[in-house]
Amino acid sequence: MQEKKSGMLGKQSFRPEKRVFIRDSGCVVGSKEGKGPLGNLFDMVSQDDMFGSESWEEAESTLQKEAITLALGKAGMKSEDIRYLFAGDLLGQCMASSFGVGSFQIPLFGVYGACSTCGEAISLGTMAVSSGLAQHVICVTSSHFASAEKEFRYPLAYGNQRPPSSTWTVTGSGAFILSSQTGKRNRAEITGITTGKIVDLGMKDSMNMGACMAPAACDLIAAHLSDFGRTPDDYDKIITGDLGYVGQRALLDLLQTKGIDITGKHMDCGIEIYDPNSQSTQSGGSGCGCSAVTLSAYILRMIEKKEWKRVLFVPTGALLSQTSFHEGKSIPGIAHGVVLESVG
């Protein structure tokens, strides 16, 4: 079947009307992430997880500010060159973004998709550039282990036990400059977007985020392959954001029930970012920053080297709040898909 060149595809997807590139990116992580397998690939590793701030929330804002500054510097651009900024985080009312990006004075869209926010921000940024409403946009997201624990679980001083199914929120931020400009060095091209739907199978265990998000990842991947008329063999990698080891097993099993086998293609950012033998992170990593920093430091590098020519990037999110969890509500999931291809 011949693939449609641009426009809407199927029920949930589209191809950019104009070419959209990831011009450059920047990523900043904390000390634990710097000691992991990808540690030497990150642009900046801080040994001070407070980042010189007075609170964990301020530290997360600093993460975003530094990531954007790095991305602009690497691209040789200034904030005045950017039309729109798409930013989000895990904290209430996206406060890390509100306090982190204000100094750039770029028109802002605040976005929230829990740990899938990187995919959502890039999807919306792609729409803006593809439609001709902007030549350059920045998409940024962040998470911080301590601020997330304080927001959603327990204060660090409580010293609660973590079950094997739990994941460790990544301290990190990734910023991406999307551009329609050709003729300059671009790290990758965005050739497709699939927007996820809320999927809720009634899971209520906030310490098993992987199982809560896996159904949404399954739904997104199946929808994407259907909309584009592709199979897993059309991709070098299908990469989820932060399912961890438990969520990965659930995803592979759920897809098998649909007749889809991605066993040899699947990679999860939450599994890649920490060393299970030397770092105590239970099921792996999670958080808005998990997929963002892994995309910036590792995935784009592999695409640039053309070791991977086409990947499906699928950040995943668990849509809970402190209120919903304590009221005994289920934890819906969502995932967003971005097709990334090598340039030239």
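Sequence-ordered 3J(HN,Hα) estimates for the range 287-301 from the Karplus curve with 6.51, -1.76 and 1.60 and θ = phi - 60° stand at x, 4, x, 4, 5, 5, 6, 5, 4, 5, 7, 10, 5, 5, 5 Hz, glycine and proline given as x.
Assuming a strict under-15 Å limit between Cα atoms, what lysine pair count do you get for the range 188-341 once near-sequence pairs (fewer than 8 apart, same chain) are dropped? Please report the intermediate quantities before stating the final value.
Working: Lys204/Lys329; Lys237/Lys265; Lys237/Lys305; Lys237/Lys306; Lys237/Lys309; Lys265/Lys309.
Lysine pairs, 8 or more places apart or on different chains, close enough: 6.
When you filter the trypsin sites (Lys or Arg not before Pro) in the range 221-258 for DSSP loop state and at most 16 other Cβ atoms inside 10 Å of their Cβ, you are left with Lys258. Going from the residue with the fewest nearby Cβ atoms within 10 Å to the one with the most, Asp268, Asp253 rank Asp253, Asp268.
Couplings 3J(HN,Hα) for the range 219-234, derived from phi with the Karplus relation 6.51 cos²θ - 1.76 cosθ + 1.60 (θ = phi - 60°), are 4, 5, 5, 5, 5, 4, 4, 5, 4, 8, x, 10, 10, x, 5, 7 Hz, where x marks Gly and Pro.
Label zone of Lys11 (point 7 Å out along Cα→Cβ, amide N under 14 Å): in the range 201-235 this covers 219-228. Taking amide H atoms as placed 1.01 Å from N in the peptide plane, the amide H of Thr169 lies under 5 Å from those of Ser286, each 5 or more residues away in sequence or on another chain. When DSSP beta bridges are restricted to pairs lying wholly in the chain, around 65% turn out antiparallel. Computed on the chain, with alpha-carbon pairs under 8 angstrom and 6+ residues apart, the relative contact order is 24 percent.
Here, each number is a calculation from the coordinates, and none is a lab measurement. Bear in mind that the values here come from a model prediction, so they are computed numbers and not experimental data. Quick reminder, even Gly has a Cβ in these numbers, built from the backbone with ideal geometry, and neighbours come from all protein chains shown.
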